[in-house]
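Notes follow once the structure below has been shown.
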Amino acid sequence: MALPAAVRVNARPYLHGSEADAFVEALNQGQYGHGPITEAFEREVAAYLHVPDVVAVESGTAALHLALLAAGIGDGDEVVVPSLTFAASIQAIVAAGARPRFAEIDPDTLCLSGSSVLEALTPNTRAVMPVLYGGRAVDLAAAAPVLAERGIVVIEDAAQAFGSWHGDRKVGAHAEHGTLTCFSFGPIKNLTCGQGGAVVPRSPQEADKVRLLRMLGIGQSQADRIRSTTYGVDSFGLRYPMSALNAAIGRAQLARFDQIEVARPQLWRTYRDALAGIDGVVLVDVDIERTVPFNCVVRVPHRDQVFADLQAQGIGVGVHYPPNHLQSAFAPWHRPLPVTEQTAAEILSLPFHPEMTERDVRAVVDLLRAAVTR
Ligand SMILES: *Cc1c(COP(=O)(O)O)cnc(C)c1O
């Protein structure tokens with residue numbers, strides 16, 4: 001029996017169809033850098049999250065880098081971060097001149113917990129970067145009083161969590177608790193701009209700072225700059241703008257995001273039901289009532305064998321992620337993390353994207369069942 005095409009890839013962008021026209025229109029307007037379309041996207045994302053302001057940038061990695069810099073994190077500062085994340089989280093910390101302090105995860109959520117954060121604190125800790133693995137919000141309430149007392153800032157890597165809820169507000173709408181949130185709009189994220197990211201600043205001053213850092217330290221608007229014989233470079237800055245072309249794609253995606261808010265949780269629930277009762281396979285919970293899930297992750301016995309078996313049959317399984325504290329680039333900050341190492345050896349990401357049907361899910365689960373019992 002031929003495998004359905006949709007199960008051959010682990011993840012892929014989902015297009016509604018309206019993106020192409022929006023993209024061509026932006027292309028014909030001829031202004032490809034940061035521009036009015038980018039600013040419209042910023043306002044629309046802010047309105048969606050019910051926050052005063054959002055700063056759009058080139059990628060999720062750029063968002064993390066700029067959020068760290070805007071929060072004053074730099075040389076010698078330690079940032080508590082889970083090892084089980086995309087390498088981007090760690091590289092952003094290193095790019096800011098700071099040091100990653102790897103922390104354990106809660107094996108049930110694959111995220112930091114209040115107690116794992118408290119355990120990892122040192123006198124040099126200046127920030128904590130929870131990663132919203134799979135899209136679920138991370139609850140650090142147990143550590144919050146200590147973090148507040150010590151002035152430790154929380155910079156969320158919410159690259160996978162656009163659209164999810166934290167309590168009664170969207171992820172990203174918790175600035176008054178001192179949380180800076182970073183999103184990615186990369187190719188396979190819940191909402192894609194092709195490439196892109198955003199920072200949700202905590203104050204108008206912080207928004208200005210991120211905007212300055214994003215555009216080479218040049219404070220003037222693009223419109224003012226082109227009508228002037230000069231421009232002022234006011235501070236250190238990088239070149240991380242979001243292109244109008246990417247923003248145009250994002251605007252089209254956001255206008256139909258209500259469909260994704262339904263489709264992704266529905267797909268995850270379909271997997272949950274199909275996986276029920278398979279011996280040895282444990283679904284990693286994502287708090288589905290509040291989450292727009294980014295992926296569907298299971299724990300399986302003899303994972304490498306199951307992975308190879310499913311790959312050989314054409315199923316697009318993946319592993320997210322090989323732990324960063326074991327990467328050679330991050331060797332200076334290595335410390336033993338037994339829970340993370342055990343977890344990382346067991347996890348398997350199943351094909352997960354909104355084009356998948358119930359039949360696709362059944363095809364994956366049938367082969368998974370066979371692979372774990374082989
Ligand atoms: C995708 C991702 C990033 C990086 O975002 P880019 O837009 O690809 O730069 C960072 N952290 C996590 C957890 C991610 O999934």
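A few comments on the model shown:
- About its Cα centre, the dipole of the range 7-67 is roughly 320 debye, where the only charges are +1 on Lys and Arg Cβ and -1 on Asp and Glu Cβ.
- Its Cα centre serving as origin, the range 181-263 has a Cβ charge dipole (Lys and Arg +1, Asp and Glu -1) of approximately 160 debye.
- In order along the range 101-116, the Karplus-derived 3J(HN,Hα) couplings, from 6.51 cos²θ - 1.76 cosθ + 1.60 at θ = phi - 60°, round to 10, 5, 10, 6, 9, 6, x, 7, 10, 6, 10, 4, 10, x, 6, 5 Hz, and Gly and Pro are given as x.
- Using R0 = 22 Å, the C-beta based FRET efficiency linking GLU25 and ASP208 works out to 0.15.
- When LEU68, LEU216 are arranged by Cβ crowding within 10 Å, least crowded first, meaning fewest neighbours, the order is LEU216, LEU68.
- In order through the range 43-58: 3J(HN,Hα) via Karplus (6.51 cos²θ - 1.76 cosθ + 1.60), integer Hz, x for Gly, Pro: 5, 6, 5, 4, 5, 4, 7, 6, 10, x, 7, 9, 10, 8, 9, 5
- Assuming charge only on the beta carbon of Lys and Arg (+1) and of Asp and Glu (-1), the dipole of the chain about its Cα centre is about 500 debye to the nearest 20.
- Near the amide H of GLY196, within less than 5 Å, lie the amide hydrogens of GLY60, PHE185, GLY186, all on another chain or at least 5 residues away, with H placed in the peptide plane.
- P(r) for the range 198-320, from all Cα pairs and a bin width of 10 Å, is 10, 24, 22, 19, 16, 8, 2, 0 %, short bins first.
- Given charges at Cβ of Lys, Arg, Asp, Glu: the range 257-373 dipole, positive-most of ALA276, LEU326, ALA363: LEU326
- Distribution of pairwise C-alpha distances over the range 12-63, 10 Å bins, in %: 21, 43, 36, 0
- Across the range 279-293, computed HN-Hα scalar couplings (Karplus, 6.51 cos²θ - 1.76 cosθ + 1.60, θ = phi - 60°) run 4, x, 9, 10, 6, 6, 6, 10, 6, 4, 5, 10, 10, 8, x Hz from first to last residue, x flagging Gly and Pro.
- Taken along its principal axes, the alpha carbon cloud of the chain reaches lengths of 71, 53, 38 Å, longest axis first.
Since every read-out is calculated from the coordinates, none of them should be taken as a lab result. The structure displayed is predicted, hence computed values, not measured ones. Glycine also receives a Cβ, built like all others from the backbone with ideal geometry; neighbour counts cover every protein chain displayed.
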